[in-house]
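Below is the structure I would like to discuss, written out as structure tokens.
Taken together, the values in this text are just the output of simple stated rules run on the coordinates, not laboratory data. It should be emphasised that the depicted structure is a prediction, and the values quoted were computed from it without experimental measurement. Because the Cβ atoms are built from the backbone with ideal geometry, glycine has one as well, and the counts that use them run over all protein chains shown.
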Amino acid sequence: MSHSGHGGGMGDGPACKISMLWNWYTIDACFLSSSWHITTNGAFAATCIGVILMVILLEALRRIGKEYDEHIQRDFAARVALIANGGLAPSSAAPSCPGAASSSSNEAVAPQTVTFRASPLQQLIRSLIHTATFGLAYIIMLLAMYYNGYVIISILIGALLGKFLCDWMTKTVVIGADGTAAVKNGGLVGGGIDEPTVCCG
């Protein structure tokens, strides 16, 4: 089933080609709105390049979100190290660690449990990154729903380049004195496998 609409405001321009089935439309294809109306081959090529860049940006935003979370975790780990070394009392570590528990009278009897919480600014930044990722992913999903073969191929190319450029896997291996090895930040110690990219980020 296909639908068409006029590209011009007065109905005197060429109609938009919109199909709910797989298609290879180029000239007169429209995406998201009547103002995104392809009238030349160059404009369609620019659209495909733009879609590729959008998907690469999506992968970059996902990487930025991961990196920022790891930055917060490293900050938490530094605070825990200070507490463990006696350089910082759990009760005065920061406003972002309200759950820190101390045992001043019995230091070596039982282990302490320290709970850190992201600060309001950190949580706001995390939310903004998530919102940008979520919104961009839905725009890409809407573009895919036009079932244009060239656009879908562009999305796949962008996903390939985005993963290759923005999510190069690196792991830190700690080799102990006894010859054992452990992988930090995922893998063998305390980590898991990243979830695949989904339609809504």
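Which length gain, in nm to one decimal place, applies between D167 and S19 when the Cα-Cα distance is subtracted from 0.36 nm times their residue separation?
49.8 nm
If you stretched the chain out fully between I125 and L82, how much longer would it get, using 0.36 nm times the residue separation minus the C-alpha to C-alpha distance?
12.9 nm
May I pose another question? Any chance you could run the full-extension gain for L53 through L160? It's 0.36 nm times the residue separation minus the Cα-Cα distance, nm to one decimal.
Here the answer is 37.4 nm.
I would also like to ask the following. For a label point 7 Å from the Cα of Q112 along Cα→C-beta, name the residues of region 60-87 whose backbone N is under 20 Å from it.
73-87
May I pose another question? Rounded to the nearest 0.05, what FRET efficiency do T39 and A132 have when you use their Cβ-Cβ distance and R0 = 25 Å?
Taking R0 as 25 Å, the efficiency between T39 and A132 is 0.25.
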